[in-house]
Amino acid sequence: MKRFRMAAEAVELSVLRQPLEQSGAGGYCSFEGWVRDTNEGRPVDGLDYEAYNELALSEGERIIEEALARYEITDAAAVHRTGSLKIGDLAVWIGVSSAHRDAAFRACRYIIDEIKHRLPIWKKERYLEGDTAWVACMHTERAHLSEVSDAHDHAHDHGHAHHHHAEAHATPIEATRAPFVPDYSRQQRLRDIGPVGQAKLAASRVLVIGAGGLGCPVLSYLAGAGVGTLGIVDGDWVDASNLHRQTLYTAMDVGQRKVDAAARRISAVNPTLNVRTYAEPLHAGNAEAVFAEYDLIVECTDDMRSRYLTSDAAVLTGKPVVFASIYQYEGQLHIYTGQADAPCLRCLWPTMPDPATVGTCAEAGVLGPVPGVLGAMQAVEALKLLLDLPGARRDSLVLVDLLELSTRHIALPKGATCNHAGCAAAARQALNEARASESLELHFEHLHDALAAGYQLVDVREPAEVAAQPLSAASRQLPSGQIAEQACGFAPGRYLLVCASGRRSLHAAQTLRASGVEAYSLAGGVAALARPVLAG
Amino acid sequence: MTQVTLEYYAQLREQAGRSREAVQTQSASLHDLYAELRARHGFTLDAQALKVAVNSQFSEWNRPLVDGDVVVFIPPVAGG
């Protein structure tokens, strides 16, 4: 016999109760849910319930079977209404009979909590002011999970004594739980978003470049907001030094690829997303093709080369970009709208600065929440662009100083173009040059392989860095800042330049090339070398 | 003498040891002003690595200074 029903019409309580009247039952406990006249302070006129009936019926039946297995009860039944209900109408009914009252009370509570949490039922509230709102009824808190396990529990519970504990409980319930249905009601309630805006987000494709301090909040908020497709680009692995600011990761993730840990985490937040990962940084050869698959780019790396590549590829593909970068306690936010006359990154700073002068978090230090603030601002800007929300739509640069708690908004000159022949020509030329310089980057796991291949090593790191982490092979030491003035001192030969990450060494290699030296850069720097296995 | 207010960000703030200052200057242009400040604070960045804004608008380096200008030299930063 079916114990759970969905009812499109009003139900008669005595009919519902009758099957529970059994001779072994010493009592009966019921719960009735009624339509009340307010919701969150707003006067309500009535409700319309809609359900995915087939799933609701099978899941409702399963909940009652679970209650029968967990509690020492005689029988149980429940019914949930659909259709139009007035104030005071019965929306849901649960009845449980049992030999002893305690089990009936507990089972009744279990059933209503699970129904509220798991059944695919939505209600449209009709407000007295005349408007309406759809509210998903799922995912409300399960109060029975916070019950303290009780020493007086009866024998039957001993075999399943874990059912009071949320963690252990998850195992049997999880296996049968209905598919997750996201609830965007809190943001949909915003007048400028609503169901239309939500559908726009579901259809949007956003590429987040860099899953570090800025990328973590960007990914969290865009996943939570329901952006349908999220691409994540990052070539790094999670390091313990990331955890003070990169909030997607835990100590368990250290040593894992950031793209994998980040994808797992945001998929856990919103399993309905389509998440795509790129475990290598983009390069001049593929950036335009990758950008073509997205509507919006969010640039979150700590790498000047990536920023310029992003700007160039965005200019050529017409994609908007939300840039941010940070320095210690400050940040810069730059919105590039992707329109033909929008000023690109090269309009601001025409040539890529020497990486040694711009500071990374590793070199300059950073307070953990600073990228959090700037990343959250990037998420807001991204949603503004995707949803066409009201507010400034102009290209702008915002300087944020979190020590002073001040922001300075600098309007970019309208129609600014690069100094040369306009942004597109500058971007095309830069991408061509970047393709050429990518051929300067060589990959080695061990420095002795480079020596064996005939390269002479030049360590371009600062003396303190060299002292902290000396190279495992003989090298000449020449900090990157001194490369230009020493260029004429290089004897003919092939040189492999090495720094911490491969950025300064590439820049230095280009400098040497300009003086006719056959210089290459170790791709990824010391960080990309195979780590020596430590004894013990 | 021209009275201007300066705001410093990132490496410039660090090297100047302050976020803002008011200065009396005989420099006629932004270019001269930066050279003067660079000598005083030991700024490591060349002017060509910076963007300059006056009164919240980006500006050309040869712009003459006017009493009351708020000048911001903006270095590119890369942290993320």
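The values are calculated or read from the model by the stated rules, or taken from the named source; none is laboratory data. Quick caveat, the model's predicted, so the values are computed rather than measured. FYI the Cβ positions are ideal-geometry reconstructions off the backbone, even for glycines, and counts take in every protein chain you see.
Odds and ends about this structure:
- Considering the stretch B:4-32, the residues that are closer than 18 Å to B:N62 by Cα and outside any helix (DSSP H, G or I) include one that is farthest from the other protein chains (Cβ to nearest Cβ), namely B:Q26.
- Residue that is nearest to A:A313 (Cα to Cα) [pool: residues in the stretch A:332-356 that are part of a helix (DSSP H, G or I), in contact (Cβ under 8 Å) with a residue 40 or more places away in the chain and more than 8 Å from chain B (Cβ to nearest Cβ)]: A:R346
- Criterion: at pLDDT 90 or above, surrounded by 14 or more Cβ atoms within 10 Å (Cβ to Cβ) and within 14 Å of another protein chain (Cβ to nearest Cβ) - qualifying residue of A:L397, A:L387, A:L431: A:L397
- Looking only at the stretch A:329-343, residues that are at pLDDT below 90 and surrounded by 22 or more Cβ atoms within 10 Å (Cβ to Cβ) come to 2 in all.
- Scanning the stretch B:39-54 for residues that are part of a helix (DSSP H, G or I) and closer than 14 Å to B:E7 by Cα gives a single hit, B:H41.
Yes/no per residue for (1) part of a helix (DSSP H, G or I); (2) of a type in the set (D, E, K, R); (3) crowded, with 17+ Cβ neighbours inside 10 Å:
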{"residue": "A:P470", "(1), (2), (3)": "no, no, no"}
{"residue": "A:G481", "(1), (2), (3)": "yes, no, no"}
{"residue": "A:Y495", "(1), (2), (3)": "no, no, yes"}
{"residue": "A:A500", "(1), (2), (3)": "no, no, yes"}
{"residue": "A:R513", "(1), (2), (3)": "yes, yes, no"}
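- Residue match in the stretch A:73-83 (condition: surrounded by fewer than 20 Cβ atoms within 10 Å (Cβ to Cβ) and either assigned to a loop (DSSP other than H, G, I, E, B) or without any contact (Cβ under 8 Å) to a residue 24 or more places away in the chain (or both)): yes
- Set side by side, the residues A:H117, A:H156 differ, and just one is at pLDDT below 75 and either in contact with a helix residue (DSSP H, G or I) (Cβ under 7 Å, 6 or more places away or on another chain) or assigned to a helix (DSSP H, G or I) (or both), which is A:H156.
- Of all residues in the stretch B:55-80, those satisfying the criterion of being more than 10 Å from every other protein chain (Cβ to nearest Cβ) and either outside any loop (DSSP other than H, G, I, E, B) or of a type in the set (G, A, S) (or both) are B:P64, B:G68, B:V71, B:F73.
- For the stretch A:400-412, filtered to residues that are surrounded by 13 or more Cβ atoms within 10 Å (Cβ to Cβ) and assigned to a loop (DSSP other than H, G, I, E, B), the residue that is modelled with the highest pLDDT is A:L402.
- Output for the stretch A:1-49, where each listed residue is of a type in the set (S, T, N, Q) and surrounded by 14 or more Cβ atoms within 10 Å (Cβ to Cβ): A:S30, A:N39
- Selection over the stretch A:179-193 of residues that are under 15 Å from A:L383 (Cα atoms) and surrounded by 16 or more Cβ atoms within 10 Å (Cβ to Cβ) gives a count of 4.
To keep it simple, each residue is scored yes or no on (1) buried (at least 20 other Cβ atoms within 10 Å of the Cβ); (2) among the basic types (K, R); (3) at pLDDT 95 or above; (4) closer than 18 Å to A:N274 by Cα.
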| position | (1), (2), (3), (4) |
| --- | --- |
| A:G212 | yes, no, yes, no |
| A:L222 | yes, no, yes, yes |
| A:A225 | yes, no, yes, yes |
| A:W237 | no, no, no, no |
| A:S241 | no, no, no, no |
| A:D253 | yes, no, no, no |
| A:Q256 | no, no, no, no |
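- Options B:L37, B:L12: the member that is closer than 19 Å to B:D69 by Cβ and either hydroxyl-bearing (S, T, Y) or at pLDDT 95 or above (or both): B:L37
- Residue within the stretch A:186-208 that is within 14 Å of another protein chain (Cβ to nearest Cβ), within 22 Å of A:L389 (Cα to Cα) and at pLDDT 95 or above present: yes
- The stretch A:357-366: number of residues that are in a helix (DSSP H, G or I) and at pLDDT below 70: 1
- Within the stretch A:276-324, the residues that satisfy the criterion of being within 14 Å of chain B (Cβ to nearest Cβ) and of a type in the set (G, A, S) are A:S306, A:S311, A:A324.
- Checked against (1) touching a residue at least 60 places away in the same chain (Cβ under 8 Å); (2) under 19 Å from A:A202 (Cα atoms); (3) of a type in the set (D, E, K, R), A:R276 passes all but a single condition, namely (1).
- Top-ranked residue of the stretch B:48-65 - restricted to ones that are at pLDDT below 90 and touching a Lys or Arg at 6+ places or on another chain (Cβ under 8 Å), ranked as surrounded by the most Cβ atoms within 10 Å (Cβ to Cβ): B:F58
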